[in-house]
């Protein structure tokens, strides 16, 4: 909601822009203050505050405040940041989906393509030359690593997902220049994955790090010709909430990499993918009429 309003500011009249800037400066206070105080703080009339709410797509100030409060609350700790304890099922459906869609759209708008280009090039070259592509993750990120391995091995490349910390160290130690280590972490602070990143760097492999910017792991994914950071920032506090939006964003990054690499691999790949689909159809017990 706040991202959408911020993007709409240039299209608003000057007086309504002042209301928008007051909102963005302190959304929680805006949701609780009476219209008289809002108008005084923004140096506009009371009707201007109401017009602003309608200009950005709401029925009026009351409707705007109600939805704003739901947007800026802290949610239910350890469950989900976007829901409240007393939400009805219909509210939960809308809030969880809106939260996910908002994060995906924000990532689309904020992401720089040059880091993806470097990662895609390294992965495609590793695939063409028969080098190893290893996906490393622990906990929830281990599930994302398994999904990545499931997608990449169908491209005919040497792909593996490694989630055991001891095996990760052994695998990283056997990496060589030209191999790719894709390291996935929500927090970017896992000791096991920091160790893997350091070993991969020493061995000369290309490290592709998928994590939040500013974390220790992100810092290890920057600054070198063989180090690529695909920063994935999101509003979830990994200490307070179950990883939901972060997992979706990481899976989306894997989908982008898989799709782009598939387009760069040799032309005989597509007939093979077609054959895989054909053979999988034989595994279905219930077939359409």
Next on the checklist: For 16, 275, 125, which order do you get if you count the other beta carbons within 10 Å of each Cβ and list the fewest first?
Outcome noted: 275, 125, 16
Checklist outcome for this item: Taking r as the C-beta separation of residue 86 and residue 274 and R0 as 41 Å, the FRET efficiency to the nearest 0.05 is 0.20
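Which percentage, to the nearest 5, of the DSSP beta bridges contained in the chain is antiparallel? Working shown, then result.
Values: 1 of 20 bridges.
Bridges in the chain are about 5 percent antiparallel.
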Next on the checklist: Over the chain, with a Gaussian network built from C-alpha contacts below 10 Å, which listed residue (276, 183, 210) shows the highest mean-square fluctuation?
Outcome noted: 276
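Sort 92, 254 by Cβ crowding within 10 Å, fewest neighbours at the top. Numbers along the way, then the final one.
Numbers: 92 14, 254 23.
Placing the least packed residue first, the sequence is 92, 254.
Past the 27 angstrom mark, what percentage of all C-alpha to C-alpha distances in the range 113-266 do you count? Show your work: numbers first, answer last.
Details: 1374 of 11781 pairs.
Of all Cα-Cα pairs in the range 113-266, 12 percent lie more than 27 Å apart.
Arranged by the count of other C-beta atoms within 10 angstrom, fewest first, what order do 111, 212 take?
Numbers: 111 16, 212 20.
The order, fewest Cβ neighbours first, is 111, 212.
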Checklist entry - Label point 7 Å out from residue 213 along Cα-to-Cβ: which residues of the range 91-131 have amide N under 19 Å? => result 102-120
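Between residue 4 and residue 260, what is 0.36 nm times their sequence separation minus the Cα-Cα distance? Round to one decimal in nm. Spell out each step's value before the answer.
Numbers: separation 256, 0.36 × 256 = 92.16 nm, distance 2.93 nm.
Length gained, residue 4 through residue 260: 89.2 nm.
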Item to check | Rotationally averaged projected area of the chain (alpha carbon convex hull; nm²) | outcome: 20.0 nm²
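Using only DSSP helix segments of four residues or longer, with each worth -39500 (n - 2.57), what per-residue ellipticity at 222 nm results for the chain after dividing by its residue count and rounding to 500?
On the way: 14 runs with 166 residues, N = 289.
Calculated at 222 nm, the ellipticity per residue is -18000 deg cm²/dmol.
Since every read-out is calculated from the coordinates, none of them should be taken as a lab result. Quick caveat, the model's predicted, so the values are computed rather than measured. Neighbour counts run over all protein chains shown; Cβ positions are idealised from the backbone, glycine included.
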